[in-house]
1. Regarding the chain, what are the three Cα extents along the principal axes, ordered largest first, in Å?
2. Would you mind listing how long the stretch 89-132 runs along its three principal axes, going by Cα atoms, in whole Å with the largest first?
3. For the stretch 1-57, what % of the accessible area comes from carbon and sulfur atoms, probe 1.4 Å?
4. To the nearest whole percent, what portion of all C-alpha pairs in the stretch 33-112 is separated by more than 20 angstrom?
5. About the Cα centre of the chain, what is the dipole size in debye to 20, counting +1 per Lys and Arg Cβ and -1 per Asp and Glu Cβ, all else neutral?
6. If I model a spin label at V13 and S103 as a point 7 Å from the Cα along the Cα→Cβ vector, what separation in nanometres do I get?
7. Rolling a 1.4 angstrom probe over the protein heavy atoms, how many square angstrom per residue are accessible across the stretch 57-112?
Amino acid sequence: MPELSTSSLPDIVFMILFFFMVTTQLRETEPLVSVRVPEASEIAKLERKDLASYINIGSPVRSKQAEFGTDARLQLNDSFKNVDDIRDFVAAERENLSEADRSFMTVVIRADQDVRMGIVTDVKQELRRCSALKIMYSATAPVEREF
């Protein structure tokens with residue numbers, strides 16, 4: 001009986017590996033704040049997610065509460081920041097984009113539904129000062145209700 005040829009096996013393994021590398025999307029930042037987004041009344045989908053920069057606002061996760069307390073905090077990338085740091089954050093995010101894509105950059109605010117509106121207003125005012133005028137709010141899809 002002839003032996004089974006395994007010469008094409010490495011090719012198949014590398015094709016499968018390449019497939020998963022291309023189709024898998026990795027998480028960019030580790031969430032440091034817990035966010036329960038409110039329910040939306042209207043939803044608009046982002047055209048290109050690679051042009052979105054995220055600002056998370058909420059109370060720190062349990063593992064960080066001993067160090068940072070339970071008050072609402074801003075998370076920019078992988079660290080807690082103040083409202084004053086938003087200008088540097090937006091500038092750094094714009095630098096990472098090509099010249100043609102900079103005008104399409106969108107800032108997405110993910111705010112917990114229990115966060116005071118004052119901190120959200122402060123973030124919006126600072127974004128306005130640094131000319132980041134395309135702002136979206138993260139929310140859950142509206143629930144279909146029968147009447």
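1. Principal extents (Cα only, largest first): 78, 46, 43 Å.
2. Between the extreme Cα coordinates on each principal axis of the stretch 89-132 lie 37, 19, 14 Å.
3. Whole-percent figure for carbon plus sulfur exposure: 62.
4. Working: 1321 of 3160 pairs.
It works out to 42 percent of all Cα pairs.
5. 460
6. About 5.0 nm separates the two model spin labels.
7. Using a 1.4 Å probe on heavy atoms only, each residue of the stretch 57-112 averages 58 Å².
The values are calculated or read from the model by the stated rules, or taken from the named source; none is laboratory data. A quick note: this is a predicted structure, and the numbers were derived from the prediction, not measured. As a convention, Cβ positions derive from the backbone with ideal geometry for all residues, glycine included, and neighbour counts pool all protein chains shown. Surface accessibility is based on the protein's heavy atoms, side chains included, excluding ligands, DNA and RNA. Shrake-Rupley method; radii C 1.70, N 1.55, O 1.52, S 1.80 Å.
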